[in-house]
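The values are calculated or read from the model by the stated rules, or taken from the named source; none is laboratory data. Note that the structure is predicted; figures quoted are calculated from it, not measured. Here the Cβ is made from the backbone with ideal geometry for all residues, glycine too, and neighbour counts use every protein chain on show. Each accessible area value is taken on the protein alone, full model and side chains, heavy atoms only, with ligands, DNA and RNA left out. Shrake-Rupley method; radii C 1.70, N 1.55, O 1.52, S 1.80 Å.
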Amino acid sequence: MSKPTVYADNNATTMVAPEVVEAMLPFFTGQYGNPSSMHYMAIPAEQAITRAREQVAQLINADPSEIVFTSCGTESDNAAIRGVLAAVPGKKHIITTRVEHPAVRNLCQYLGKNGYRLTELPVDKLGQLDLDELRETLDDDTALVSIMWANNETGVVFPITEIAEMVKSRGAVFHCDAVQAAGKLPLDMQKVPADLLSVSGHKLHAPKGIGVLYVRKGTYFVPLLMGGHQEKGRRGGTENVPYIAGLGKACELAGVHMRDEQTRVKDLRDRLEKELLEKAPDASVNGDRVSRLPNTTSISFKYIEGEAILLMLSAEGIAASSGSACTSGSLEPSHVLRAMGVPFTRVHGSIRFSLSRYTTQEEVSYIVEKMVPVARRLREISPFGRDEQHAQK
Ligand code: PLP
């Protein structure tokens with residue numbers, strides 16, 4: 001019998017839902033027109049984009065006119081940050097956090113070395129921000145605050161409504177990277193006064209290479225991609241009609257499955273976490289376990305290497321991650337866990353399991369069945385595990 005394959009790396013990317021593939025297919029062959037053309041082939045393409053814009057807007061309770069299609073979450077983040085700064089050239093202060101995704105963090109650090117003053121807010125042991133510190137850091141020179149809704153590595157959710165209100169009350173623009181939150185948490189742009197919000201298709205069962213930038217009506221920003229009149233001049237480039245149609249469908253499905261995500265998927269995650277904490281040696285959860293995405297757990301196994309765990313799990317058909325997918329391939333410890341002050345003996349042995357609506361009870365049982373002996377075996381051969389004092393030197 002062949003080995004089961006268990007995919008528990010949904011924060012890295014997700015399977016494209018079969019309904020999404022179906023929604024995309026007509027636009028590759030039969031209805032492949034350019035929506036800007038002046039003939040009959042443009043009509044179905046144009047209609048598909050309009051429909052998708054409504055579907056995306058509905059998921060986040062926004063107006064369809066506020067939805068701009070982009071190529072990915074990274075583009076949305078870059079377009080938001082660069083676009084706002086270009087629109088308010090007189091202000092030179094940017095505020096972000098130490099735990100942002102590289103799509104925000106690396107850009108802000110680059111800007112911090114090129115004419116801007118950058119504040120990266122620290123987080124506490126639970127991965128949470130001190131909002132008093134944010135309040136004190138905001139000043140008249142603050143052009144933009146960019147803070148994520150939910151963390152990709154730990155799943156920790158920030159109090160975004162409170163943050164957005166605070167930033168707005170000081171007259172700065174607020175951008176939120178909601179790439180991990182969209183589809184997992186209800187997002188309501190009527191309640192959260194963020195000016196801009198990034199979403200990425202491949203985190204919610206649409207394909208890679210499609211994203212959204214929500215731009216609240218009246219927010220002034222300079223487009224990153226200047227070109228044609230597409231997206232009302234807010235993002236040049238011929239629209240990726242099949243992917244846009246797919247993202248629209250994925251957003252509609254995310255709305256339908258939201259309850260499942262909050263209940264069944266959360267229960268699966270909680271069970272996985274509980275059993276691993278009980279059965280594996282020296283396991284602990286990273287980050288706030290209350291204010292957290294329902295599908296994510298980041299667990300540290302003390303004194304063992306995350307990469308070794310991943311390879312052994314992979315040999316058993318289990319796909320997980322040691323921190324962010326973008327940092328795998330290097331042995332650099334996760335900047336998120338370091339910012340939280342997780343000790344080095346635990347940072348290196350951290351594994352992220354991220355589930356989805358396709359995850360089953362049997363799969364969770366299989367992960368526990370394989371993970372516990374892997375952790376025990378690696379712990380036995382770890383020189384650090386055998387000699388705690390040595391490890392702490
Ligand atoms: N922001 C967050 C929080 C993410 O987790 C990711 C991807 O992992 C991105 C941005 C980048 O999105 P994309 O891969 O679509 O460029």
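Say R0 is 25 Å: what FRET efficiency, to the nearest 0.05, do residue 216 and residue 25 get from their beta-carbon distance?
Working: r = 33 Å, r/R0 = 1.34.
Working from the Cβ atoms, E equals 0.15.
Multiplying the residue separation of residue 87 and residue 332 by 0.36 nm and removing their Cα-Cα distance gives an extension gain of 84.6 nm.
Could you state the accessible area per residue of the chain in Å², with a 1.4 Å probe and every protein chain left in place?
Numbers: 16730 Å² over 393 residues.
It amounts to 43 Å² per residue over the chain.
Enumerate the residues in segment 1-41 having an amide nitrogen under 18 Å from the point lying 7 Å beyond the Cα of residue 305 toward its Cβ. None, by backbone N distance to the label point.
Fully extending the segment from residue 106 to residue 36, taken as 0.36 nm per residue of separation minus the present Cα-Cα distance, adds 21.7 nm. Between 0 and 90 degrees, the angle of helix 266-279 with respect to the longest Cα principal axis of the chain falls at about 20 degrees.
Taking 8 Å as the Cα distance limit and 6 or more residues as the minimum spacing, I'd like the relative contact order of segment 258-392 as a percentage.
Numbers: 179 pairs, mean separation 45.4, N = 135.
Worked out over segment 258-392, it gives 34 percent.
Taking R0 as 25 Å, what's the FRET efficiency between residue 225 and residue 135 from their Cβ-Cβ distance, rounded to 0.05? Could the numbers behind the result be given before it?
On the way: r = 35 Å, r/R0 = 1.39.
E between residue 225 and residue 135, to the nearest 0.05, is 0.10.
Label sites at residue 263 and residue 191, each approximated as a point 7 angstrom past Cα along Cα to Cβ, lie 1.8 nm apart. Helix 306-315 and the longest principal axis of the Cα set of the chain meet at an angle near 90°. If you take the Cα centroid of segment 267-296 and the Cα centroid of segment 354-382, the two points sit 12 Å apart.
Restricting the chymotrypsin sites (Phe, Trp or Tyr not before Pro) of segment 217-291 to loop positions (DSSP other than H, G, I, E, B) with no more than 13 neighbouring Cβ atoms within 10 Å leaves 220.
Given +1 at the Cβ of Lys and Arg, -1 at the Cβ of Asp and Glu and no other charges, the dipole of the chain around its Cα centre is 280 debye to the nearest 20. Projected label points at residue 315 and residue 274, each 7 Å from Cα along the beta carbon direction, are separated by 3.2 nanometres.
Ignoring any ligand, DNA or RNA, what whole percent of the accessible area of the chain comes from carbon and sulfur when the probe is 1.4 angstrom? Don't skip to the answer; put the middle values down first.
Values: 9100 of 16730 Å².
Ligands and nucleic acids excluded, carbon and sulfur reach 54 percent.
Trypsin sites (Lys or Arg not before Pro), restricted to segment 85-173: which are DSSP loop and have at most 13 other Cβ atoms within 10 Å? Taking segment 85-173 and a limit of 13 other Cβ atoms within 10 Å, the loop trypsin sites (Lys or Arg not before Pro) found are 113, 125.
Based on the alpha-carbon gyration tensor of segment 18-256 and its eigenvalue square roots a ≥ b ≥ c, which shape applies: rounded if a/c is under 1.5, prolate if not and a/b is larger than b/c, or oblate? Kindly include the intermediate steps, with their values, before the conclusion.
Details: a/c = 2.25, a/b = 1.66, b/c = 1.36.
Note, shape of segment 18-256 comes out prolate.
Report the one residue of 228, 175, 248 whose Cα lies farthest in the direction of the positive end of the charge dipole of segment 18-256 (charges on C-beta: Lys and Arg +1, Asp and Glu -1; origin at the Cα centre). The Cα lying farthest towards the positive end belongs to 228. Straight-line cross-link reach from residue 113 at under 20 Å between alpha-carbon atoms covers these lysines, not counting any fewer than eight positions away in the same chain: 91, 92. Here is the tail figure for segment 258-392: Cα pairs spaced more than 21 Å apart come to 39 percent of all pairs. Approximating the spin labels as points 7 Å out from Cα along Cα→Cβ, the residue 117-to-residue 369 distance works out to 5.9 nm. Looking at segment 241-321, which trypsin sites (Lys or Arg not before Pro) are DSSP coil and have at most 14 other C-beta atoms within 10 Å of their C-beta? Hits after loop and neighbour filter: 289.
Phi angles of segment 64-78 translate, via the Karplus equation with coefficients 6.51, -1.76, 1.60 and θ = phi - 60°, into HN-Hα couplings of x, 5, 8, 9, 10, 7, 10, 8, 4, x, 5, 5, 4, 4, 5 Hz per residue; Gly and Pro are given as x. Partner lysines whose Cα lies under 30 Å from the Cα of residue 203, excluding those fewer than 8 positions away in the same chain, are identified as 3, 125, 168, 184, 191, 217, 232, 249, 266, 274, 302, 370.
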